[in-house]
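One structure is given below, encoded as structure tokens.
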Amino acid sequence: MKRKGILIVVSGFSGAGKGTLMKQLVHSYENYALSVSMTTRNPRPGEEEGKEYFFVTREEFEEKIRQDGLVEYACYCDNYYGTPREYVEKQLEKGKDVILEIEIQGALKIKEKFPTALLMFVMPPSVSELRKRLEGRGTESPEAIAKRLKRAAEEAEGIEEYDFIVINDKLEECAASMHGLIQAAHNAPVRNEELIENMRKELEAIC
Ligand code: 5GP
């Protein structure tokens, strides 16, 4: 039986290193597809259209919402962010595990719409490390950094909604541990209803 793909939601405080971690995971292991979100925020230096994000205007984003072209969307620090529907559905059909790197409001919407989605929360090793990473990025103003740290405190309130936390200390080790958790999650009964049902039917038939 062909293994079905699952939706994997990855959240974490801004600066926790989710982006690098996801690239490492996709690079090191097979069968993952990384969804590229749409946003109204400006590109950071080095970010490319269609690679980190699809950068659009507010009007374009709102049009996409009207067309029901997003699986979920949220407002984060004054900008819209959303997950385009088409890519996610196509990759799941192909049997890929699709990763959505999104913030907590979006994560909770996904959990509601897709109860078998796997929710993972990436934490930095410490708060001082988080601040260091945000400042070290050198792309945000002190005000923007303060806003993101305040948002981190709010997001910390929702961590219990997630299935697993992963501490992003050493990149390769963290990617390996995430991969292990995802593989284990594939074997949860909730993600194998068809297999269980078929086995029950076969057993009933011989009793
Ligand atoms: P950043 O501006 O640092 O790239 O992203 C800000 C936050 O928005 C991060 O927590 C990131 O995970 C989240 N984000 C990125 N894409 C999406 C999306 O499509 N939907 C939602 N809900 N959040 C997103």
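The values are calculated or read from the model by the stated rules, or taken from the named source; none is laboratory data. From a predicted model like this one, the values you see are computed outputs, not experimental measurements. Note that each Cβ is placed from the backbone with ideal geometry, even for glycine, and that neighbours are counted across all protein chains shown.
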Would you mind finding the one in Glu59, Glu101, Glu112 that is modelled with pLDDT of 95 or more and either in contact with a strand residue (DSSP E or B) (Cβ under 8 Å, 6 or more places away or on another chain) or surrounded by 15 or more Cβ atoms within 10 Å (Cβ to Cβ) (or both)?
Glu101
Filtering strands (runs of 3 or more DSSP E) wholly in region 1-87 for at least 1 residues that are more than 16 Å from the chain's Cα centre (by Cα) and more than 30 Å from Ala188 (Cβ to Cβ) gives 53-55, 79-84
Return the pairs, sorted by first residue and then second, in which the second residue is of a type in the set (Ser, Thr, Tyr) and within 11 Å of the ligand (Cβ to nearest atom), the first residue lies in region 75-95 and is under 11 Å from Ile6 (Cα atoms), the beta carbons are less than 9 Å apart, and the residues are 6+ apart or on different chains.
Val88/Ser35; Gln91/Ser35
Of the residues in region 132-148, those that are in contact (Cβ under 8 Å) with a residue 40 or more places away in the chain and either in contact with a helix residue (DSSP H, G or I) (Cβ under 7 Å, 6 or more places away or on another chain) or of a type in the set (Val, Ile, Thr) (or both) come to Leu134, Thr139, Arg148
